[in-house]
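To start, the structure itself, in structure tokens.
Values quoted throughout were computed directly from the atomic coordinates according to the rules given, and no laboratory measurement underlies them. Not measured: the values here are computed from a predicted model. Note that we place each Cβ from the backbone using ideal geometry, even for glycine, and neighbour counts take in every protein chain shown.
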Amino acid sequence: MGLSRAYDWLKANPKQTALVICCELCSLTFQKDDMSKSNVVGTALFADGIAATLLVGDASPYQKNVKIKKPKITYTNSFTEKDSEDVMGWNVTDQGLEVIFSKSIPHLVDTIWKEHVKDTLQKLDITSDEIDSYIAHPGGKKVLEAMCQSMQLSMDKLKFSYEVLRQHGNMSSATVFYVLKK
């Protein structure tokens, strides 16, 4: 969503640049005296991570300095499911941050995410077969498997997501930039 907002801003300000920074300090949710399943699993699954991406406007004087092959954002959209606060997030308590994550995330991939992707592909008049690789957040092995299954994708279409998950784990939002770099 941060890339989408930066893209929108650069469309209105094409001579500018935008730096999107993701800094995730998931270890702040660790509470040493909390032996709840949520705390133990959250601590095991989520890692600290930081990444940044520079976006350069189409009329920016810095366009001439970009010498590497770069992805170009051509379209964005987002969807937020109503009343989904209990799926993923944090509770702020007197003891600190408590992680919230639902076991239903792989199921939500097969419903909400699948429909959102299909609608987007339809709007762009392209098929999934025309996409070489998805830049997908590797929320976990089960999430990636659900993405492959729900859209009938080969694992190769998510190979960079699998690779980043294997090498770095889930670093929340920063993880997407690692996939983008690959």
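Report which label in [x] 18.2; [y] 20.7; [z] 16.1 holds the value of Kirkwood radius over Cα pairs in Å derived from the coordinates of this structure.
[x]
Could you please rank THR53, THR74, placing first whichever residue has the fewest other Cβ atoms within 10 Å of its Cβ?
Arranged by neighbour count, lowest to highest, THR53, THR74 become THR74, THR53.
Under the 0.36 nm per residue contour assumption, what length would be gained going from the current alpha-carbon distance of SER102 and PHE79 to full extension?
This chain segment gains 6.4 nm when fully extended.
Given charges of +1 on the Cβ of Lys and Arg and -1 on the Cβ of Asp and Glu, with all other atoms neutral, how large is the dipole of segment 78-127 about its Cα centre, in debye to the nearest 20?
That gives a dipole near 260 debye.
Among ARG166, ARG5, which comes first, then next, by fewest other beta-carbon atoms within 10 Å?
So the ranking, lowest neighbour count to highest, is ARG166, ARG5.
Have a look at the DSSP beta bridges in the chain and tell me what percent are antiparallel, nearest 5.
That works out to approximately 95 percent antiparallel.
Around SER172, which amide H atoms from residues at least 5 apart in sequence, or from another chain, sit under 5 Å from its own amide H, with H modelled in the peptide plane?
For SER172, whose amide H was placed from the backbone, the distant partners under 5 Å are ALA47.
Tell me which lysines have Cα within less than 24 Å of LYS69's Cα, excluding those fewer than 8 residues away on the same chain?
Result set, ordered by chain and number: LYS11, LYS15, LYS157, LYS159, LYS181, LYS182.
For labels at ASP156 and ASN91 in the simple 7 Å Cα→Cβ model, what's the distance in nm?
Each label point lies 7 Å from its Cα, and together they span 4.6 nm.
By counting other Cβ atoms within 10 Å of each Cβ, how are MET88, MET151, MET171 ranked from fewest to most? Could you put the intermediate results ahead of the total?
Working: MET88 14, MET151 19, MET171 25.
Result, fewest neighbours first: MET88, MET151, MET171.
Which whole-number percent is the relative contact order of segment 88-151 (Cα, under 8 Å, 6+ apart)?
Dividing the mean separation by the residue count of segment 88-151 yields 35 percent.
How far, in degrees from 0 to 90, does helix 114-124 lean away from the longest principal axis of the Cα atoms of the chain, to the nearest 10?
For 114-124 against the chain, the angle is about 10 degrees.
Tell me, what HN-Hα J-couplings in whole Hz come from the Karplus equation 6.51 cos²θ - 1.76 cosθ + 1.60 at θ = phi - 60° for each residue of segment 79-96, using x for Gly and Pro?
After applying 6.51 cos²θ - 1.76 cosθ + 1.60, I find 9, 10, 6, 4, 6, 10, 4, 8, 7, 7, x, 9, 9, 9, 10, 5, 8, x Hz.
For the chain, what is the calculated [θ] at 222 nm in deg cm²/dmol (nearest 500), taking -39500 (n - 2.57) for each run of four or more DSSP H residues and dividing by its residue count?
-10000 deg cm²/dmol
Over the chain, what is the mean sequence separation of C-alpha contacts under 8 Å (at least six apart), divided by residue count, expressed as relative contact order in percent? Present the calculation step by step, with values, prior to reporting the outcome.
Details: 234 pairs, mean separation 45.3, N = 182.
It rounds to 25 percent for the chain.
Would you mind working out the magnitude of the charge dipole of the chain relative to its Cα centre, with +1 at each Lys and Arg C-beta and -1 at each Asp and Glu C-beta, to the nearest 20 Debye?
On the way: 22 positive and 22 negative charges, 193 e Å.
That gives the chain a dipole magnitude of about 920 debye.
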